[in-house]
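> There's a structure below that I have some questions on.
The values are calculated or read from the model by the stated rules, or taken from the named source; none is laboratory data. Treat the numbers as computed from the prediction; the structure is a model and nothing was measured. In this analysis, Cβ positions are derived from the backbone assuming ideal geometry, glycine residues included, and neighbour counts consider all displayed protein chains.
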Amino acid sequence: MANTMTEEIVKQKGLLRRGVENAEMLITRKESDNLLTFPASSEEPVDRWYGIEVLSHEPGAVKLKRAQAGAMPLLFNHNIDDPIGIITGARVEKNRLMVDAKLFSTDRANEVKAMIDGGLRNVSLAYRVTVIEENTKTETYTVTDWEPYEVSIVTVPADPTVGIGRNESEYEVRMFRSENPALRATFKEDSMTDEEKAAAAAKESANQTIITQSEIDGQRQRSGMEVESTRKRAIENFAKANRIADSVRDAWIEQGYSLEAVSKDLLNILEERGKTNPQPVSRLGLSPSETDRFSMSRAIRACADKSWQKTAPFELEVTKAVAQKLGKVVDDTRFCVPFEVMERKYNSLDMDQARQLLGLGRRDLTVATAGAGGFLVATDNVGFIDMLRNRSVAFRMGARRLSGLQGNVTIPRQSAAATAVWLANEAATATESQQTFVQVALSPKNVAAYTELSRQLLLQSSPGAEGIVTGDLAQVVATAADLAVLNGSGASGQPTGIINTAGIGAVTGTALAYAGILEFQTDVAASNVQPAAGGYVTTPAVAALMMQRVKFTSTASPLWEGNVWDGTMSGFQAMSSNQVPAANMLFGDWSEAIVAEWGVLEIEVNPYANFQAGIIGIRAIYSLDVGVKRPFAFSLATTIT
């Protein structure tokens, strides 16, 4: 090896990638084959974390064994689970790597082929670097030994600073340093004079001193690299788990988002997705008229009488469609409610429908006379989901809803930071430390609510019957859901509620006074939390105590201002509920509480709940989960007297 250069072994993980925008893509067809020929890489300089990188396409620089052996896939957006073809040939032409690819005969490949025909020409290459030559004068790095691993058709050209395909294996990158790469070629030929060799030896000695000093910097840099690598992998994993778009994931990585910032964005995306997602698991694409046509009371009656074909043929058809998407088996005593019906608003019925339901034929109905139609006007009832949410103390306090979910959800949180160390001198090294990451994992927990209705109510097909049935179901489910958010045990199928979440703060003292109310806030503030949706929740009994106690003696300054149900305390909203355990008060940032809803309501009917009285039992099952993103955002007092 040339004696004017020092070799440094640098540990790297995974693959790098770089993109080619609007590649010149030749599309040919031979019988049923779809063949593509296009450039996958060039010598275009790319800005890496360590400097300007150039991929050499000189003879011997590119290892093509994998590509020429047919072991290199053609992917879409670098997704290893989305192969669309195979690379059948590769060669270097005019300082570019040209590849031949054959598209698979699959629907997915044909879909991508249609995108290519429509003008999609962006290509991205994943490759592994083995040897890099550094020019210390120009601060450029020429990769002289590298191997392509896969080629992708991409919607957005790859960010060249982002690694992909990361795994646990490590490989060595050999970096050579020299001020002039041309000198290295001369050394290889060993044609220097004695004077030149002596000068080169002296230069090497000086260079060795520089490298020794730079090794200190390199150690710090590698420590930073490991932290950065951990951050990137965590973001990639969370994006994949929550089906986040690649463009969003890459923006998080490129812009240096912390896990805390990613968590905030992720929650916003999932929350907005729940509002606008057109395809939650139980959505069937029903038209507005079909949604209005679905009757829960008619379906319950069909379950009770086992008369689906006669009483509720449309509801049976809809139930079968939902059950098929859920992989469930439908029997005569249960049915599934589609998402559109759960969103449905129970507003005023038009006159023709009212006449039909009431059996009044074409007789005129008037708003002025209650008995002749006035009862049917301006009765604006919310849908099932809204009723569930609006009746919940937790939601009114600001708990966040993630609706319309299909798979499990994971939300990241950084639980510990790296340690900053002051360096005594320029040769001192920083002590290695690592951030610690945890995740809030949400998966469906099923809550079953039970209520009873009379058979006579179901037989009387009045406009209000549907609202009564929906209201009863929503009330019992909402009660259970709200209790789970506040005080779920985390056992026997229950979610873990805020009160039972490990890591929340505590306020001591039984005779709670003004200092205790402020302690809730200072407890949370000590963990650097500034509540975005702060508030107190307690029982009506404790609320009454707070209304009787004052901030300052001999003044009209009650701790709790307002009524016993809703008020304010020390600048924050306050609310009481019998869902809170006796003598307890909970304060915190309620936006840190997350309620995930999978939006599938399944109803089963027992026609013999009270056979003699004709009472029908109804069990509703709903899927949700509760998670607390940052437990230290809450504080609890448990023995208030």
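> How about the range 420-454: which of its residues are at pLDDT below 80, of a type outside the set (A, V, I, L, M, F, W, C) and not in a strand (DSSP E or B)?
425, 426, 429, 431, 432, 433, 434, 435
> When you scan the range 42-60, do you find a residue that is of a type in the set (A, V, I, L, M), within 26 Å of residue 142 (Cα to Cα) and under 35 Å from the mean Cα position of the chain (by Cα), even just one?
Yes - at least one qualifying residue is present in the range 42-60.
For every residue, the table says whether it meets (1) touching a Gly at 6+ places or on another chain (Cβ under 7 Å); (2) β-branched (Val, Ile, Thr); (3) surrounded by fewer than 18 Cβ atoms within 10 Å (Cβ to Cβ).
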{"residue": "94", "(1), (2), (3)": "no, no, yes"}
{"residue": "101", "(1), (2), (3)": "yes, no, no"}
{"residue": "108", "(1), (2), (3)": "no, no, yes"}
{"residue": "111", "(1), (2), (3)": "no, no, yes"}
{"residue": "126", "(1), (2), (3)": "yes, no, no"}
{"residue": "132", "(1), (2), (3)": "no, yes, no"}
{"residue": "142", "(1), (2), (3)": "no, yes, no"}
{"residue": "151", "(1), (2), (3)": "no, yes, no"}
{"residue": "155", "(1), (2), (3)": "no, yes, yes"}
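> Quick check, is residue 161 over 33 Å from the mean Cα position of the chain (by Cα) and modelled with pLDDT under 90?
For residue 161, the condition - over 33 Å from the mean Cα position of the chain (by Cα) and modelled with pLDDT under 90 - is not met.
> Same structure, new question: Can you name the residue in the range 474-489 that is polar (S, T, N, Q) and closer than 11 Å to residue 500 by Cβ and, of all such residues, is surrounded by the most Cβ atoms within 10 Å (Cβ to Cβ)?
If we take residues in the range 474-489 being polar (S, T, N, Q) and closer than 11 Å to residue 500 by Cβ, then 487 is surrounded by the most Cβ atoms within 10 Å (Cβ to Cβ).
> Further, regarding this structure: Output the residue which, of all residues in the range 550-582 that are surrounded by 15 or more Cβ atoms within 10 Å (Cβ to Cβ) and among the aromatic types (Phe, Trp, Tyr), is farthest from residue 540 (Cα to Cα).
Among residues in the range 550-582 that are surrounded by 15 or more Cβ atoms within 10 Å (Cβ to Cβ) and among the aromatic types (Phe, Trp, Tyr), the one farthest from residue 540 (Cα to Cα) is 572.
> Right, something else. So which of 613, 583, 620 ends up being modelled with pLDDT of 90 or more and either outside the structural domain of residue 516 (by TED's automatic domain parsing) or outside any strand (DSSP E or B) (or both)?
Going through 613, 583, 620 in turn, just one is modelled with pLDDT of 90 or more and either outside the structural domain of residue 516 (by TED's automatic domain parsing) or outside any strand (DSSP E or B) (or both): 583.
> Hey, could you check the range 296-327 for residues that are outside any helix (DSSP H, G or I) and in contact with a Ser or Thr (Cβ under 8 Å, 6 or more places away or on another chain) and say which is surrounded by the most Cβ atoms within 10 Å (Cβ to Cβ)?
So, considering only residues that are outside any helix (DSSP H, G or I) and in contact with a Ser or Thr (Cβ under 8 Å, 6 or more places away or on another chain), the one surrounded by the most Cβ atoms within 10 Å (Cβ to Cβ) is 312.
> Further question: Give the range 544-584 a look and list any residue that's closer than 27 Å to residue 630 by Cα and touching a Leu at 6+ places or on another chain (Cβ under 7 Å), or say none.
Once the filter is applied, which keeps residues that are closer than 27 Å to residue 630 by Cα and touching a Leu at 6+ places or on another chain (Cβ under 7 Å), the range 544-584 yields 569, 570, 579, 580, 584.
> I need the full set of residues from the range 60-87 which are crowded, with 20+ Cβ neighbours inside 10 Å, farther than 13 Å from residue 124 by Cα and touching a helix residue (DSSP H, G or I) at 6+ places or on another chain (Cβ under 9 Å), in order please.
Within the range 60-87, 72, 84, 85, 87 qualify.
> On to the next question. From the list 23, 61, 40, which one is of a type in the set (A, V, I, L, M, F, W, C) and modelled with pLDDT under 80?
Being of a type in the set (A, V, I, L, M, F, W, C) and modelled with pLDDT under 80 holds for just one of 23, 61, 40, which is 23.
> Now a separate question. In the range 586-604, how many residues are of a type outside the set (Val, Ile, Thr), closer than 30 Å to residue 296 by Cα and in a strand (DSSP E or B)?
5
> If you don't mind, another one. I'd like to know if the range 527-535 contains one or more residues that are closer than 15 Å to residue 516 by Cα and either outside any strand (DSSP E or B) or hydroxyl-bearing (Ser, Thr, Tyr) (or both).
No; the residues of the range 527-535 include none that is closer than 15 Å to residue 516 by Cα and either outside any strand (DSSP E or B) or hydroxyl-bearing (Ser, Thr, Tyr) (or both).
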